[in-house]
1. Can you give me the number of residues within the range A:159-185 that are assigned to a helix (DSSP H, G or I) and under 27 Å from the mean Cα position of the chain (by Cα)?
2. Under the condition of being within 13 Å of DNA strand C (Cβ to nearest atom) and without any contact (Cβ under 8 Å) to a residue 24 or more places away in the chain, which residue from the range A:96-122 is least open to solvent (accessible area, probe 1.4 Å)?
3. Look at the range A:30-46 and say how many of its residues are within 9 Å of DNA strand C (Cβ to nearest atom) and touching a Leu at 6+ places or on another chain (Cβ under 7 Å).
4. Of everything in the range A:70-95, what is open to solvent by 60 Å² or more (accessible area, probe 1.4 Å) and more than 13 Å from DNA strand C (Cβ to nearest atom)? Give them in sequence order.
5. Conditions: (1) of a type outside the set (Val, Ile, Thr); (2) at pLDDT 90 or above; (3) farther than 30 Å from A:Ile324 by Cα. A:Leu284 meets all but one. Number of the miss?
6. Can you name the number of the only condition in (1) under 23 Å from A:Ser231 (Cα atoms); (2) away from DNA strand B (no atom under 16 Å from the Cβ); (3) open to solvent by 50 Å² or more (accessible area, probe 1.4 Å) that A:Arg142 fails?
7. Yes or no: the range A:197-206 includes at least one residue that is away from DNA strand B (no atom under 16 Å from the Cβ) and out of contact with any strand residue (DSSP E or B) (no Cβ under 6 Å at 6 or more places or on another chain).
8. Can you tell me how many residues within the range A:313-330 are in a strand (DSSP E or B) and open to solvent by 20 Å² or more (accessible area, probe 1.4 Å)?
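The values are calculated or read from the model by the stated rules, or taken from the named source; none is laboratory data. Predicted, not measured: the structure shown is a model, and the values here were computed from it. We place every Cβ from the backbone using ideal geometry, glycine too, and count neighbours over all the protein chains shown. Quick note on the areas: whole protein, heavy atoms, side chains included, nothing else; ligands and nucleic acids left out. Shrake-Rupley method; radii C 1.70, N 1.55, O 1.52, S 1.80 Å.
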Amino acid sequence: MTDTPTPVLAPTAFQRRLLEWFDEHGRHDLPWQFWRTPYRVWVSEIMLQQTQVATVIPYFERFMARFPDVQSLAAAEQDEVLHLWTGLGYYARGRNLHKAARVVVDEHGGEFPLHSLEEMAAMPGIGRSTAGAIVAQSQGRRAVILDGNVKRSLSRLHAVPGWPGRVAVEHRLWELAEHYTPHERLADYTQAMMDLGATLCRRGTPECGRCPFNDVCLAHARGEERRFPESKPRKALPTRTTRMLLLRDARGRVLLEQRPASGLWGGLWSLPQFDEAAALQAWLDVHAPGSRLDAPRAPFTHVFSHFRLEITPQPARVERLDSIGETRRWYDPDNPDAVGLAAPVKALLASLATFTLDTPPGP
DNA sequence: AAGTCGGGGAC
DNA sequence: GTCCCAGACTT
C-alpha cells in the first residue's frame, strides 16, 4: 500500500462543489455552530466521538448550562462532570474532558493552545482529527480532519480498498483529506465534509442521486457504494466442543432432553450434552447404570452466528431407564414425535432411522 | 495490531 | 439480533 492517492478532482473543484452543496443543503443550526468558541467546539467534538448528533444535543445543552466556560469546568468536581455525562457512554471522554480543562487552565492560562495542533492533540481525549476539527471550526484556520464521515465519503469517492482500521488505509485517507482541504472557509468546509457523510453519503443508504460528486465517484460508477469503506474483518468464530449422548433403549428409541425455555435452542428437544467424556460417563453411572458405550461417531460442526459447535455423538445402549421426568422423552426415529428439534439433533436422528447403530454414518 | 470503552440508532 | 457511530487510549 505504497501507492499515492489518485484524487478524482482538483482541490478547487472539489471545494467548490462541496461548499455549493453545503450552502444549500448542509446543517447550519446545530447548537455548537451559532457561537463557535474553542471551548464549545471542543466539548461538542468530544461528545460527538462515536456518538450521533441527535443523541449529543441534549447533553451538550445541559453541559453548557452548567459549565459555560473552561474555567467553570476546571473548577468542578469530576463527580459532577460524570453526572452530566451519565447515559452518553464512553465515560473516559468525560474524565479526559475534565482533565484537559484543568490542563488548559493550569498550564495554558485558560486558553487552548490553538496555535499548535501537536499541543492540542497532546491533551487528554484530543487526537489528530479532533484537534483539526477544533482548530478549523473555531479559528477558521487550515486543519485537516478524518472522522468516520470523511473516511466513508473519501473511501467511496476513490474506491479505496481495505479496512480503514489498517494503518496503510488510514494513511491514504489522511493524504486524500489533506489533498482536498482548502485554505479558506475552513469552518464551513469541515462542517460540510461531516454533513456530506452524515446526511448524504450514509453508511447504509447513500443518496447518490443528490450527491455533488456522483459523476466522479468511483464506487458509484461501479455500483458498489455499499462496499466502501470495507468492514472490519470478522473475527474467526470461536469453536466450542460438546458430546451428545445418543442413548438408545432395546426398542431403538433415543433419549431426548428439553432445553431451558430461554437461551440457545430454548424449548427445543436435544440430546443430553456434556463438555467432557468423563461427565457423560458420570451421568450414565447415575441415571443409566449398566449401560454400555459404543465407539464415538465422527465429530461434525454446527455453525451459529457467534460460535462453532463441534459435536461428538456418543452412542450408548441401555436396557431401561426409570423416571425420566417431564423434560426427557424417548424418541422413536422411525415414528417421530411432533416436537421441535435442534437442527444438528434432527440430522443425527434422521440418520438413525435408516441405518443401524452398528454401521454409523455421519448425519 | 488488537482490545477496550457504551449507549443508541438503523436495519 | 448485527453493525456502526463527529475516536482515543492502552496493552
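1. Residues in the range A:159-185 being assigned to a helix (DSSP H, G or I) and under 27 Å from the mean Cα position of the chain (by Cα): 11 in total.
2. Filtering the range A:96-122 for residues within 13 Å of DNA strand C (Cβ to nearest atom) gives A:96-100, A:103, A:117-122.
Of the ones still in play, those that are also without any contact (Cβ under 8 Å) to a residue 24 or more places away in the chain are A:103, A:118-122.
Values: A:Val103: 34, A:Glu118: 140, A:Glu119: 74, A:Met120: 0, A:Ala121: 40, A:Ala122: 82 Å².
Here the residue is A:Met120.
3. Matching residues across the range A:30-46 total 1.
4. Of the range A:70-95, the ones open to solvent by 60 Å² or more (accessible area, probe 1.4 Å) are A:71, A:75, A:77-80, A:83, A:86, A:90-91, A:95.
Of everything in the range A:70-95, those that are open to solvent by 60 Å² or more (accessible area, probe 1.4 Å) and more than 13 Å from DNA strand C (Cβ to nearest atom) turn out to be A:Gln71, A:Ala75, A:Glu77, A:Gln78, A:Asp79, A:Glu80, A:His83, A:Thr86.
5. (3)
6. So A:Arg142 meets the others, but not (1).
7. Quick first cut of the range A:197-206, residues away from DNA strand B (no atom under 16 Å from the Cβ) only: none.
There is no residue in the range A:197-206 that is away from DNA strand B (no atom under 16 Å from the Cβ) and out of contact with any strand residue (DSSP E or B) (no Cβ under 6 Å at 6 or more places or on another chain).
8. Going residue by residue through the range A:313-330, those that are in a strand (DSSP E or B) are A:313-317, A:328-330.
Adding the requirement that they be open to solvent by 20 Å² or more (accessible area, probe 1.4 Å) leaves A:317, A:328-330.
Within the range A:313-330, residues that are in a strand (DSSP E or B) and open to solvent by 20 Å² or more (accessible area, probe 1.4 Å) number 4.
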